[in-house]
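Asks: Quick one: the structure is below, and I'll ask about it shortly.
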Amino acid sequence: MKKLITQLGIYSVLILISLEILVRIFYLGEDKPTRFVDGKSVEKWVPNQEGYSVTGNRNQNFIRYNINSSGFNSYQEFIPTEQGIEVALVGDSFIEGFHQPYKISIGRKIEQRLNDRVKVFEYGYAGYDMADQLHLIKAYEEDFGLIDRIYIKLMFSNDLTRGEYFIEESRLNLESPVNKLLKKSKLLVYFSEIGALNPARNLVRDIMAVAKGGNAKEQPEKDEKEVGRAHEIYLENFKNLVALYGYNKQKTVLLMDQSTTPQLFLDYLDTNGFEYIDFGADLNASKRKTTLVYDRHWNNHGRDLVAEIIVKDLKANLLDTAP
């Protein structure tokens, strides 16, 4: 029996080593860039990193990223000037673009459609919400003061859950010494990306919830009254964020899917002079698929449509009036 257990242990180690080697050979585990908080309390990527973003359970999306000196994924540096025409895209992972080669990002598509008459700076970072985004613009107000038009991607149900900016420790905990050590194993990274570790994580979460006197079962869906109350809270959070960090209505545009945005919020924007454009109508009407096979991020066609929507807005509101 002792010999059997010893042999099982040895074979298990050999199998894990073999799997680790295979994952590295076929590059199934991605190179996770490192996060940090800069001197202005803005969370972003450590500047000047390169690597590969791998998504899908069979290396379905193998994309090189390039973190510039500003800490964002882009083919160019962000150097706003008084002479040129510059545009900023501010948002979460949809703007960050780890699912698309950075040389053909949404920003680059816009530039090419406008024959490089504009420069587009993409301030995208996975997990950013409205608090992160307005804090970023406030923290770098000198740069954004030079930028001629600012587009902020907003998803009402996700991006307005707080009314004040604070550093998200849960994201920074991914840079803890323990997590950094675990990330040295590409096999663990791969298992994490494809969801193989989710059952164990859920079990630990449920045990902790029960230990704290909570309920491990999923919460029931909210009824209509609770949803309405949540919408009111999100609207108040938006008002508070604008009051705290400022908002230039003359050059800032919200990018939203109007079909998933409550009328309460749309009415407030209309009444108070907040400009917004809807990308949802074109994406939802497309006969071709606009998202990736394995998650909801925009594919190349979806990004083409979003880029074209922004180009139309720039032509109507900025370029036609530019000297």
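Asks: Points 7 angstrom from Cα along the Cβ direction at Lys3 and Asn240: gap in nanometres?
Replies: 6.9
Asks: Quick one: which residues, 5 or more positions from Tyr294 or on another chain, have an amide H under 5 Å from its amide H? H modelled 1.01 Å from N in the peptide plane, none for Pro or chain starts.
Replies: Under 5 Å from the amide H of Tyr294 lies no amide H from a residue far enough along the sequence or on another chain.
Asks: Could you check the simple spin-label distance between Lys315 and Ile10, using points 7 Å along Cα→Cβ, in nm with one decimal?
Replies: 7.1
Asks: For a quick check: sort Lys225, Lys138, Lys103 by the number of other beta carbons within 10 angstrom, fewest at the front. Intermediate results must be reported in sequence, preceding the final value.
Replies: Values: Lys225 8, Lys138 17, Lys103 11.
Lowest count first: Lys225, Lys103, Lys138.
Asks: Rounded to the nearest 0.05, what FRET efficiency is calculated for Glu164 and Asn272 with R0 set to 22 Å and r the Cβ-Cβ distance? Present the calculation step by step, with values, prior to reporting the outcome.
Replies: Numbers: r = 20 Å, r/R0 = 0.91.
Given R0 = 22 Å and the Cβ-Cβ separation, E is 0.65.
Asks: Can you give the extra length, in nm with one decimal, that the chain gains between Tyr75 and Ser157 once fully stretched, where that is 0.36 nm per residue apart less the Cα-Cα distance?
Replies: Values: separation 82, 0.36 × 82 = 29.52 nm, distance 3.10 nm.
Contour length minus the Cα-Cα distance gives 26.4 nm.
Asks: Let me know the whole percent of all Cα-Cα pairs from the stretch 66-162 that are separated by more than 16 Å.
Replies: On the way: 2496 of 4656 pairs.
For the stretch 66-162, the fraction of Cα-Cα distances above 16 Å is 54 percent.
Asks: At a Förster distance of 22 Å, what's the computed FRET efficiency of Arg296 paired with Arg171, Cβ-Cβ distance as r, to 0.05?
Replies: FRET efficiency, Arg296 to Arg171: 0.65.
Asks: Moving to a separate point now. Would you order Phe238, Phe36, Phe166, Phe274 from fewest to most other beta-carbon atoms within 10 Å of each residue's own beta-carbon? Before the final figure, lay out the partial values.
Replies: On the way: Phe238 24, Phe36 13, Phe166 10, Phe274 17.
Least to most surrounded, the residues fall as Phe166, Phe36, Phe274, Phe238.
Asks: Which ³J(HN,Hα) values in Hz, rounded to whole numbers, follow from the phi angles of the stretch 134-144 under the Karplus curve 6.51 cos²θ - 1.76 cosθ + 1.60, where θ = phi - 60° and Gly and Pro get x?
Replies: With coefficients 6.51, -1.76 and 1.60, one gets 5, 5, 4, 5, 5, 5, 10, 5, 5, 5, 5 Hz.
Asks: Amide H neighbours of Tyr52 under 5 Å, counting only residues 5+ apart in sequence or on other chains, H built in-plane at 1.01 Å?
Replies: Distant-sequence amide H within range of Tyr52: Asp31, Tyr65.
Asks: Additional query: Whole-Hz Karplus ³J(HN,Hα) for the stretch 94-111, in order, using 6.51 cos²θ - 1.76 cosθ + 1.60 and θ = phi - 60°, x for Gly and Pro?
Replies: For the stretch 94-111, the Karplus curve yields 5, 8, 4, x, 5, 9, 9, x, 5, 7, 10, 5, 4, x, 5, 4, 4, 4 Hz.
Quick note: the coordinates plus some simple rules give every number you see, no bench work behind them. All of these numbers come straight from a predicted model, not from anything done at the bench. Note that we place each Cβ from the backbone using ideal geometry, even for glycine, and neighbour counts take in every protein chain shown.
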